[in-house]
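Here the structure is laid out as structure tokens; the discussion comes afterwards.
The values are calculated or read from the model by the stated rules, or taken from the named source; none is laboratory data. Keep in mind it's a predicted model, so treat the numbers as computed, not measured. As a convention, Cβ positions derive from the backbone with ideal geometry for all residues, glycine included, and neighbour counts pool all protein chains shown.
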């Protein structure tokens, strides 16, 4: 589904702040793959997401999504088939617009052919209500309230719904539960699991929780210095413990794992 | 009527409604798109100049369309500078504003003012519908009110369409827009073109209303419109869209009424800019002042009870 070939990106080239964020990175995801990504700070996880989403153009290499070459496609064209969640729950929604209006904007992806001058119809409204009730947060009864009144967890759940209201070719989750309290994070994670599984969406999820990295999805990827140093799946992954993962990382990266936040995170903790 | 005659109130409302169009234009660029567009002054004069020239040629209605078209072009250039060439939005507005001065002069045949006496205007056409005294006095105001009603309704309708929602989202959360298949550059362009057309419409109407166009007509317009906008938003808050639109027009009329009162109090015309500045400052400070007074009141009652 997603094929990244030899992609590199250097920020501030030719200056003292030169930073090679992606270093001939290659990754191939099969349809329905759900890969978790872990890596130390500055490993290039978010940069890889930005490269896929088209926030910037890669310096070299090609990116294919669903068989199409999207290397030079502008961001807003790519986002028709890419769903994306950020760590900050405030980023994915428009606070001064109502829940219904936010969903309508997200739903534009599906109605690209219909008139830009059409309004939210009764049919759309009923559809949004159905979708919102799946979140089980009572949002379906608050559709005309501004999103700014919702809690961070509710906003992130809404963003998840907006990113998947039209099934994307790939869903990019960038530590989307890291800023939420433990109970809400568990809820949003559960929703993620359900939605991704129900429609077998191809998904990449950055996490800083090692247990999550092994438990969610069917593949675990570790990144370091703009490269993938470990990529495990299937039976090899099933029996793995966090210790195994760290040992394999050290072997692949040539150094010990150095992110305290990740090392200190516990099984249920965040 | 004494202090404020019907005539004074009527004139205040007429001018207030015309300025209300400029305030609505800023409502779109400043409140909805969150862009500080400072090309208003030049764009307003552009609308007046283009409208005046076409009206002199004998086509007052066509003049309105041409003026709005010119406003769209002005908005497009401002948007192009900031979305494609990376010019900061404030700077883009200033650049366009400066350039428009020469263009406006050129439109008026390189003279600093033109008058449109002797030809029909939309106001004289509408006024000739009836001969009654009432109609003679009030037809201008009725026409302007109808125009504002139409424009206000159109804005309300437009902001509820898919396109309008996308424009609102662009001003509200850029990150969200990037993730939802909307092209923010296109939305900013459409928004500024729309906003420019409203400013130019106001300029055209004021030209036909006063039967003259002056190159310095627009000077300070952005402050006046901003004052109206802020008064309106203070009155209505960030509630539902139709209420906010009505609030902006109301704010503009209120602003002109305050100016009329200042006139009646014999405030010298040289002091008008200061009066305008004070009105803006008071309007912006009002919500904060209310909070301060409330806090002070609580403090006092707290002392008394303890």
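May I ask you to verify whether residue B:211 is surrounded by fewer than 24 Cβ atoms within 10 Å (Cβ to Cβ) and on the phi > 0 side of the Ramachandran plot?
Here the answer is yes, as residue B:211 does meet what is asked.
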Total residues in segment A:132-151, condition at pLDDT below 90 and in a helix (DSSP H, G or I): 2
Among the residues of segment B:165-192, write down those that are under 21 Å from the mean Cα position of the chain (by Cα) and either within 14 Å of another protein chain (Cβ to nearest Cβ) or more than 15 Å from residue B:31 (Cα to Cα) (or both). B:167, B:168, B:171, B:187, B:188, B:189, B:190, B:191
Selected residue [part of a strand (DSSP E or B), within 11 Å of another protein chain (Cβ to nearest Cβ) and modelled with pLDDT of 90 or more] from A:61, A:83: A:83
For residue A:32, which of the numbered conditions (1) at pLDDT 90 or above; (2) under 20 Å from residue A:220 (Cα atoms); (3) crowded, with 22+ Cβ neighbours inside 10 Å fails to hold? (3)
With the structure loaded, tell me whether residue B:265 is more than 13 Å from residue B:44 (Cα to Cα), within 17 Å of the chain's Cα centre (by Cα) and surrounded by fewer than 24 Cβ atoms within 10 Å (Cβ to Cβ) or whether it fails that test. no
Here is a check on your reading of the model: is residue A:108 in contact with a strand residue (DSSP E or B) (Cβ under 7 Å, 6 or more places away or on another chain), within 30 Å of residue A:57 (Cβ to Cβ) and either crowded, with 17+ Cβ neighbours inside 10 Å or more than 8 Å from chain B (Cβ to nearest Cβ) (or both)? no
Looking at segment B:155-173, is at least one residue surrounded by 23 or more Cβ atoms within 10 Å (Cβ to Cβ), in contact (Cβ under 8 Å) with a residue 40 or more places away in the chain and touching a strand residue (DSSP E or B) at 6+ places or on another chain (Cβ under 8 Å)? no
Of the candidates A:150, A:161, the one satisfying the condition of being away from every other protein chain (no Cβ under 11 Å), farther than 24 Å from residue B:154 by Cα, under 15 Å from the mean Cα position of the chain (by Cα) and touching a residue at least 24 places away in the same chain (Cβ under 8 Å) is A:161
Go through segment A:64-80 residue by residue and tally those that are at negative phi and more than 8 Å from every other protein chain (Cβ to nearest Cβ). 9
Answer from B:152, B:127 - the residue that is within 27 Å of residue A:121 (Cβ to Cβ), in contact (Cβ under 8 Å) with a residue 12 or more places away in the chain, in contact with a helix residue (DSSP H, G or I) (Cβ under 7 Å, 6 or more places away or on another chain) and away from every other protein chain (no Cβ under 14 Å): B:152
Looking at segment B:248-262, can you tell me whether even one residue there is at pLDDT 85 or above and either closer than 25 Å to residue B:66 by Cβ or loosely packed, with under 13 Cβ neighbours inside 10 Å (or both)? yes
Looking at segment A:79-86, is at least one residue touching a residue at least 40 places away in the same chain (Cβ under 8 Å) and more than 30 Å from residue B:33 (Cα to Cα)? no
Going by the conditions given, is residue A:98 touching a helix residue (DSSP H, G or I) at 6+ places or on another chain (Cβ under 6 Å) and touching a residue at least 24 places away in the same chain (Cβ under 8 Å)? no
Helices (runs of 4 or more DSSP H) lying entirely in segment B:1-108 (those with 2 or more residues that are buried (at least 22 other Cβ atoms within 10 Å of the Cβ) and in contact with a strand residue (DSSP E or B) (Cβ under 7 Å, 6 or more places away or on another chain)): B:40-56
From A:208, A:96, grab the single residue that is more than 14 Å from chain B (Cβ to nearest Cβ) and assigned to a loop (DSSP other than H, G, I, E, B). A:208
Consider residue A:221 carefully, then state whether it is farther than 27 Å from residue B:172 by Cβ, under 15 Å from the mean Cα position of the chain (by Cα) and in contact (Cβ under 8 Å) with a residue 12 or more places away in the chain. yes
